[in-house]
Amino acid sequence: MELVQSFHNEALSVGKALLASNDDTNHPPKRLSEAITSNTDVVILVLVNEGQCDSVCFGGGGENVLGLLKEGSCVILCSTVTATWAINASTQFQTKNIHFVDCPISGGPARAATGDLSIFASGDAASLDVAMPLLKAAGKEVHIVPGGVGMGSTVKMVHQLLAGVHIAAAAEALALAAKAGIDVNQMYKIVNGAAGASWMFGDRGTRMIDSTNTEVKSALGIFVKDLDIVYSEAKKMMSPTPLASAALQQFICGAGMGLGRKDDSQVVKVYERITGVPVGGSGSGGGKTAASEEVEKGVKKNVTVIGIGAMGGGIARSILSCEEVCTVVGYDRSEELMENFHKEAIAVGKGASTTALPTELDQAVTKKTNVVVIVLVNEAQCEDVCFGGGGKGTNLLTCLQEGSCVILCSTVSATWTRKACKQFQSKGILFVDSPISGGPARAKTGDLSMFVSGDDSSLRAAMPILKSAGRHEEVHIIEGGAGMGSTVKMVHQLLAGVHIACAAEALALAAKAGVDVEQMYDIVNGAAGASWMFTDRGKRMIGSTEPEVKSALSIFVKDLDIVYSEAKALQSPIPIASVALQQFINGVGLGLAMKDDSQVVKVYESVTNIPVGKWSRMK
C-alpha cells in the first residue's frame, strides 16, 4: 500500500487523482473495485507475470478487470507475457466489447519515469486509436507492430532473447577476464569502445564490477520468466534458440543460489561461484592508453607489414602517414596486393628502394628493417612466418637484427604469444603483443582499437606505429607483459562472437514468428537489446543482396576455439560462448566458411526453412 499511497499523493498534487468522496481526498484504492469504477476508461497492466495478469484480469471471484470494466473501455497490456496469453486475453475482453492493446515495454525504471520507453504495440485499429495518447505519453519510441494482438508480445520476446543473452554473456566475459588476471575496469572500458559492446554490457557491466552496489533495478528472476517464454514459444514454432537456452540455465542457476530477487546483473555470481575469483572490486583505475604516451624521437623506422589483406592493408596504409617511418614494405601471398601497396608507398616517398616485389621473406625483411607488423589469420601462419620456413630456414627469427621490434596484431592464443615472445627475446628482438579490433574501414583510417602488452622497451619502440594505426585513446596498454593483450582480445571475441550468433538467433526467430525483420532490426537498435554486432551484422543478415565478405565466418570458429581452449586451461566456464562456437562450426559444415560471418544466420534458416535476408527470399 505504500506505493499506492505515494502515487495517490502525487496524483492529488497535480489534480489527477481519483477522489473517493468530497471529504476524503487522501484515500487511495484498497480494492480493485475502488481502482476501477464506472468512470474508468482505460486500464494499464504492468504486472510481473502471466499468473498475476490472469488473476487481475479474470480471477478474484468476479472482482476482476473483465467484470469491472464497462463496454467500450480499453485494456493496455504492458506486461511481458506469451503471445498465446495475450491473444486469449484479447478474445475474452472482446466478448464484452472492451478494446485491447498488446503493448509490452522496454527501457527500465529511469526511462519509464521520463516517458522515454520503447513500446511495442499491437491490436486492432480502433483499440490503438484509443490507446495512442497514453502510449505517446509513456514512450519516446512507439512501434506499431502489424498482425494484431500477440505480435507486440512476440517482438518483446525476441528483444528479451537478445537482452538476456547479452547480460549473461557480459557476466561470462567479465568473469573470464577476472580469472585471467585482467583489470575488469579496463576490460569494461575497452569493450565499450570496441565491436564487442552491447547496451546491456554497458549498463549491467558497471553493476557487476561495483561490489558495493545493492540496488535492484530489474530482478534476476524476471529473466528466468522471460527466457522461459522464449524457450516455450520458440519450441512451439520449432525455431532453435540454443544461446537463449544456455543463458536461461545461467539465470536458473542464479535463482537456485538465492539471487532471484537480486539485480539481474548478479548472474555474474553464478560464474564467480565456480571460478573462485570475484568480479566486483577486482579492478583498479581502468588502465592507460597511448594518448598519454610519448613517441620516441630521432629513431627512423623501416617497417614491413606481413599480411596486407583487408586489415593489414589498412594498417600498412595508416603507417605511411607516420612521421617516424622512412619506408613501408607490404608482404603477402597475393602479388596483386603487394603491387598495389608498393605503388602507393612509392607515391608518398616511402616505398622500398627496389622496384622488384619481394618473392621471399628475406627480400621483404632486410638488414634495414627494424619493425615488422604481423597481421595474419591464425597461429599456424604466424608460426610459419616467425619460426618456420622449411629447409631454407627463412623466418623472422633468422632475418631480423638484434634490437628490431615485432608487433603481433593477429588474434592468437595468449599461450602462443608468450612462447613467441620468449623466442624473439632470446635473440634480443623486441616483441609487442597487440591484437586489434574495428574492421577494415577503421583500419584504413588509423582508427582501430588495439590491446597492447609488452615490456617498456618494446612498447617504446612500437609506439609510433601503434599511434598511427589506432585511435590514441583506443590504443589500450595492458599490464602484465606479452600475452595479456591477446587475453583481452580473447575476452572481447567471446562477446563479439556471441553477439553475432545471438543476432542470427533472434532475427531467425522473428522471421519464423511472422515479424517483419526490418522493423525488428529498427526496434532492437533503439532498445536495450542492441549491440554493436547486431547493428553491423544484423543489417547484412536482412539485406537485399548477398553481403560482401568483410570477415569470414571461419574466423569465429578460430577465435571462439581460442576462447574455449584458454578458458578450459583457466577452469572458467563459458557455456554461452561454447554454444556460439557450435553455431559457427555448423556454418562451416554448411559450406559457409568463407562467407561473411553474418551468414551464420543460415544455420538457423536451414532449420526453420524461413529466410531472414531479402536476398535469400529472392533466390
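None of the figures in this text is laboratory data; all of them are computed from the coordinates on show. Fair warning: this is a prediction, and the values are worked out from it, not measured in the lab. Note that each Cβ is placed from the backbone with ideal geometry, even for glycine, and that neighbours are counted across all protein chains shown.
Subtracting the Cα-Cα distance from 0.36 nm times the residue separation, let me have the gained length for E548 to D116 in nm, one decimal. Can you show the working numbers first?
Numbers: separation 432, 0.36 × 432 = 155.52 nm, distance 3.65 nm.
This chain segment gains 151.9 nm when fully extended.
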* Report the extension gain between Q94 and L134 in nm, rounded to one decimal, defined as 0.36 nm multiplied by the number of residues separating them, less their alpha carbon distance. => 12.3 nm
* Quickly rank 215-225, 503-513, 71-81, 308-318 as a protection proxy: mean count of other C-beta atoms within 10 Å, highest first. => 503-513, 308-318, 71-81, 215-225
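Would you please give the FRET efficiency between F58 and S321, computed as 1/(1 + (r/R0)^6) with r the Cβ-Cβ distance and R0 = 60 Å, to the nearest 0.05?
With a Förster radius of 60 Å, E is 0.30.
Given that compact globular proteins tend to follow 2.2 N^0.38 Å, what is the ratio of the alpha-carbon Rg of the chain to that value? Before the final figure, lay out the partial values.
Values: Rg = 28.4 Å, N = 619, 2.2 N^0.38 = 25.3 Å.
For the chain, the normalised Cα radius of gyration comes out at 1.12.
According to the square roots a ≥ b ≥ c of the eigenvalues of the Cα gyration tensor, what is the shape class of the range 475-618, taking rounded for a/c under 1.5, prolate for a/b larger than b/c otherwise, and oblate for the remainder? Intermediate values should be presented prior to the final figure.
Numbers: a/c = 2.07, a/b = 1.75, b/c = 1.19.
The shape class here is prolate.
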* **Cα-projected label distance for M238 with E339, points at 7 Å along beta-carbon direction, nm** => 5.3 nm
* Structure fact -> Computed about the Cα centre, the charge dipole of the chain from +1 Lys/Arg and -1 Asp/Glu charges at the Cβ has a magnitude in debye, to the nearest 20, of 960 debye
* Asked: Put +1 on the Cβ of each Lys and Arg and -1 on the Cβ of each Asp and Glu in the range 421-533; which of P435, Q493, N525 then has its Cα farthest toward the positive end of the dipole?
  -> P435
* Please give the helix 575-589 orientation as an angle from the longest Cα principal axis of the chain, in degrees from 0 to 90, rounded to the nearest 10. => 70 degrees
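Grab the Cα-Cα distance for T40 and D447, subtract it from 0.36 nm times how many residues apart they are, and report the gain in nm with one decimal.
140.8 nm
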* Structure fact -> F58 neighbourhood, Cβ < 12 Å, K/R = +1, D/E = -1, net charge -2
* Note the angle between two axes, namely the Cα long axis of helix 220-237 and the longest principal axis of the Cα atoms of the chain, as a number of degrees from 0 to 90, rounded to the nearest 10. => 90 degrees
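Using 23 Å as the Cα-Cα cut-off, could you pick out the over-long pairs in K189/K225; K350/K422; K179/K288; K350/K595; K288/K467; K269/K419? Kindly include the intermediate steps, with their values, before the conclusion.
Values: K189/K225 31 Å; K350/K422 32 Å; K179/K288 21 Å; K350/K595 35 Å; K288/K467 14 Å; K269/K419 33 Å.
Too far apart for the 23 Å limit: K189/K225; K350/K422; K350/K595; K269/K419.
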* Structure fact -> At R0 = 25 Å the Cβ-Cβ FRET efficiency linking V607 and Q249, nearest 0.05, sits at 0.75
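With the Cα gyration tensor of the range 288-477 in hand, give its eigenvalues times 5 under a square root as the equivalent ellipsoid semi-axes, listed largest first in whole angstrom.
Values: eigenvalues 90, 80, 51 Å².
Equivalent-ellipsoid dimensions as semi-axes: 21, 20, 16 Å.
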* Structure fact -> Taking Cα atoms, the helix 151-179 axis meets the longest principal axis of the chain at an angle in degrees (rounded to 10) of 40 degrees
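For the range 31-149, with only Lys/Arg (+1) and Asp/Glu (-1) charged at the beta-carbon, what is the dipole magnitude about the Cα centre, in debye rounded to 20?
Working: 6 positive and 11 negative charges, 30 e Å.
Dipole magnitude for the range 31-149 comes out near 140 debye.
Please sort 88-100, 143-155, 174-186 by packing, taking for each peptide the average over its residues of neighbouring beta carbons within 10 angstrom, highest first.
On the way: 88-100: 17.3, 143-155: 22.2, 174-186: 24.2.
Result, highest mean first: 174-186, 143-155, 88-100.
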* Provide the packing ranking of 457-469, 362-374, i.e. peptides ordered by the mean count of other C-beta atoms within 10 Å per residue, highest first. => 457-469, 362-374
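Can you give the FRET efficiency for V48 and H472, using 1/(1 + (r/R0)^6), R0 = 45 Å, r = Cβ-Cβ distance, to the nearest 0.05? Display every interim value, and only then the final one.
Details: r = 47 Å, r/R0 = 1.05.
My answer for the efficiency is 0.45.
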